[in-house]
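Single-structure report; data block below.
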Amino acid sequence: MQEKVALEKKKPVINARRGERRVSMERRSRMEEKKTVAKIGMSLSMGTLIATGLMRGRGAKTLHIWSGMALVGFSVWHYNLYQPATRRNKV
């Protein structure tokens, strides 16, 4: 009986008026984890940019460039995680 209740909880709920599905708790927690990883990545790459900006040398310059690209990548990912979901089958 507990298995039956557990399976019923995982089913997405459909809103009768709009035909939309509510986001399940499992999917929501995965999204929160992705958002956290994106924020941590942005923070680490920003810290690396600051540190390598104060350093001198060829290695620091190369690391500075790569951490700048990582910051841009994490920023784009972070931006896209906060955008609302769109329908794919638009006519």
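Between Y79 and K39, the modelled label-to-label distance comes to 2.0 nm, taking each label 7 Å out from Cα in the direction of the beta carbon.
Were the residues from I65 through E26 laid out at 0.36 nm apart, the gain over their Cα-Cα distance would be 10.3 nm.
All of the numbers you see were taken from the coordinates with simple rules; none came from a lab. In this text, all values refer to a predicted model and were calculated from it rather than measured experimentally. Every residue, glycine as well, gets a Cβ built from its backbone with ideal geometry; the counts of neighbours run over all protein chains shown.
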